[in-house]
1. If you take every residue apart from GLY104 with its C-beta less than 14 Å away from the C-beta of GLY104, what net charge results, scoring Lys and Arg +1 and Asp and Glu -1?
2. Take the cross-link list LYS54/LYS82; LYS54/LYS99; LYS30/LYS81; LYS155/LYS242; LYS242/LYS311; LYS30/LYS87 and give me the ones stretching past 22 Å between alpha-carbons.
3. For segment 33-132, what Kirkwood radius comes out of the mean inverse Cα-Cα distance, in Å?
4. Over all alpha-carbon pairs of the chain, lay out the pair-distance distribution in 10 Å bins, whole %, shortest bin first.
5. Ranking ILE292, ILE286 by Cβ neighbours within 10 Å, fewest first, what do you get?
6. In what order do ASP209, ASP227, ASP263 fall by count of nearby beta-carbon atoms within 10 Å, going from fewest to most?
7. Quote the relative contact order of the chain in percent (integer), defining contacts as alpha-carbon pairs under 8 Å separated by 6+ residues.
8. Compute, for segment 33-132, the length of the dipole vector about the Cα centre, with Cβ point charges of +1 (Lys, Arg) and -1 (Asp, Glu) only. Units Debye, rounded to 20.
Amino acid sequence: MKRFIIAGFLLIPLFITIGCKKSDSSTTNKPSISGLTMNTVAPYLAVGTEITLKADISGLTTTDGKDPGTIGIYWQVNSAKKDTLSKDISKSNPTFTYKADTLGSYAVFCYAYAAENTDYYASSASVSFRTINPDTALSGVASAEEITVNGITWKARNATHATLGRSYRNSPILDNALGRLFTWEDAQNVCPAGWHLPTVAEFEASFADEVGDIPTGDLMADAVFLDEKMWTYWPQVTINNKYGFNALPLGYIDYTDLINTFDKYGDYAMWWTADHDDDMATYLYIFEENEIVMKGQGDKYTLAMGVRCVKD
């Protein structure tokens, strides 16, 4: 049985990775050190966040199989010179604390080198993140917290939750602006008291036109996230956010896809409904090129998407 039914999926790698610096072995026979690792941080952080990174040198190896001796650690932030940052020559797993006090993109590099032996190339690891102001990161959305359309009251933003679901790009700082993505099973427990997961019929009763279709432009917000338009312009779709529904193209999570977990950001807005059958549940989705909202079916346990709550 298919886990989900939807058109036009491509898998796009979205995770920030940590890798080792490669040496140029074509011009020298110098051995190298490899195997340095470090912890990660969320891709988006609030400006002023203090991060603590820990280098793990326990897995270091050398290409010649010899002991390189005392290991030195250098940390570097963006293009800052290594000798202006912390240096710890030891056999421990040192930490590095840094306060990201300006808005922008950061790349923090860690280098493990043979402190007393220049015959070895160093091993490196890195982590990248961006600092934002969460109160101003998203613009172009209607400000009302609730909307009432044809007698049905809706939350005007995607649901979030303290423990259930997953923050976009594993960055909780984005929860209030974008909401979280949930499996259908978790979606049953996301809406606050007095609210519930809507049915397809409730979506249609509020937003369908005279022929029974829901025009996508009526729900889509012409939103800007971190100075970039979230929806791509298509001439057949007129974005007007008619009701203040604030649909944003967050895509989905496929938990069976171990490489490309966050998919189709910028292309799809998707919401679970209460309608279901066995292991599959119905969701509604906007594809940026389509004029009307479409239906799909997805696996209740491995597919995660947005939740929009409706009042009892």
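1. Here the count lands on 0.
2. Correct reply: LYS30/LYS81; LYS30/LYS87.
3. So the Kirkwood estimate lands at 14.1 Å.
4. 6, 23, 26, 18, 14, 9, 3, 0
5. ILE292, ILE286
6. Taking fewest neighbouring Cβ atoms as first place, the list is ASP227, ASP209, ASP263.
7. 20 percent
8. The dipole of segment 33-132 has a size of about 260 debye.
Coordinate-derived values only; no laboratory data. Predicted model only: the values in this text are computed from it and were never measured. Please note: Cβ atoms are built from the backbone with ideal geometry, for glycine as well, and neighbour counts cover all protein chains shown.
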